[in-house]
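Computed from the coordinates by the stated procedures, all read-outs in this text should not be read as laboratory data. Predicted model, so just to flag it, every value in this text is computed and none were measured.
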Amino acid sequence: RIVTSSLNVRKDANVNSPIKTTVKKYEVYTIIQEKDGWGLLKSKIGWINLSDAYVEKIQTTTTKKFEEYKVKITTDVLNVRKEPTTASKVVTTVKKGQVFTIVGEENGFLKLKSGAGWISENYIEKLN
């Protein structure tokens, strides 16, 4: 969990590496690799400094692995949002007939495997 107001995500695990993006306070990320006090984000977008001044390490427990599935878009244009809420920023759109793999569900939204964001479950057809 990020505990500083914002934290740079860097291309490589060092302070001189180019900044790719930033993460914000209270956001939670999964670290898949650690190197010299840095952690690689699960999305593989980059590395964050794991100093106690910037992050609080929390344990997460997985009770059941989410079963991925595919969906087809059933509306002409569907917003892809950054977070699973209609108040969240639209990051892109998808079109009718496109097929996507879903890796999570929350608040009536479906998380795209690509990492692009979340789509509403109201405008899809679940595929077998």
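Brief remarks on what is shown
- Relative contact order of the chain, pairs being alpha-carbon contacts under 8 Å that are 6 or more residues apart, as %: 19 percent
- Cα-Cα separations in segment 76-128 greater than 17 Å, expressed as whole percent: 24 percent
- Coordinate range of the alpha-carbon atoms in segment 1-57 per principal axis, descending: 23, 19, 19 Å.
- Viscosity 1.567 mPa s, 4 °C: Kirkwood-radius Stokes-Einstein D of segment 1-114 over Cα pairs, µm²/s: 80 µm²/s
- Pairwise centroid distance, computed over Cα atoms, of segment 11-41 with segment 53-128, Å: 23 Å
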